[in-house]
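One structure below.
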Amino acid sequence: MKKISLLIIFISLFFTSCIPFRTLNSTTYIKPKESFLLGNNTHGKFSVKVTNTSVTPITIWKCPIDGGKHSPLTLNPSTTIKVKVEKNTALKIENDSEEQISIQLKVSGDIGLSMGYQK
């Protein structure tokens, strides 16, 4: 009985210790007239908490990896939004301003996501 109790405790600790690995935190900088693509690869569902820490608005799009874009959102300065992203869909964050911007990202769910910039 004691061995079973220890085994249950060990398994519980193992799984709860893996929880922090399912999130990704990043401060990302995007140059003027460029975009940042998150998840432009095959993946499962994920969600992103995006905070615009810049002084200009940004535009966020959902872009299926097989083409197109939809569901535009405008994120004003000093605001935060949570976006749920479907599997095999990228999140495109556009900087249409003449200044470099910065955003804070907190990603959860499938975090095996590609990250890159696009002009």
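Annotations
- Protection proxy ranking for 30-41, 95-106, using the average of other Cβ atoms within 10 Å per residue and placing the highest first: 30-41, 95-106.
- For residue 46, nonlocal amide neighbours, meaning residues 5 or more places apart or on other chains whose placed amide H falls under 5 Å from its own, are 85, 110.
- Between residue 25 and residue 117, the FRET efficiency estimated from the beta carbon spacing at R0 = 22 angstrom works out to 0.70.
- Candidate lysines for bridging to residue 45, where Cα separation is under 23 Å - those fewer than 8 sequence places away on the same chain excluded: 62, 69, 82, 84, 87, 92, 106
- Taking 18 Å as the straight-line reach from the Cα of residue 119, the aspartates and glutamates in range (excluding those fewer than 8 positions away in the same chain) are 34, 94, 96, 98, 99.
- Amide N proximity, the range 97-113 versus residue 33 label position 7 Å along Cα-to-Cβ, cut-off under 16 Å: 97-101
Every read-out reported here was derived from the displayed coordinates using simple, explicitly stated rules and does not represent laboratory data. Predicted model, so just to flag it, every value in this text is computed and none were measured. Every residue, glycine as well, gets a Cβ built from its backbone with ideal geometry; the counts of neighbours run over all protein chains shown.
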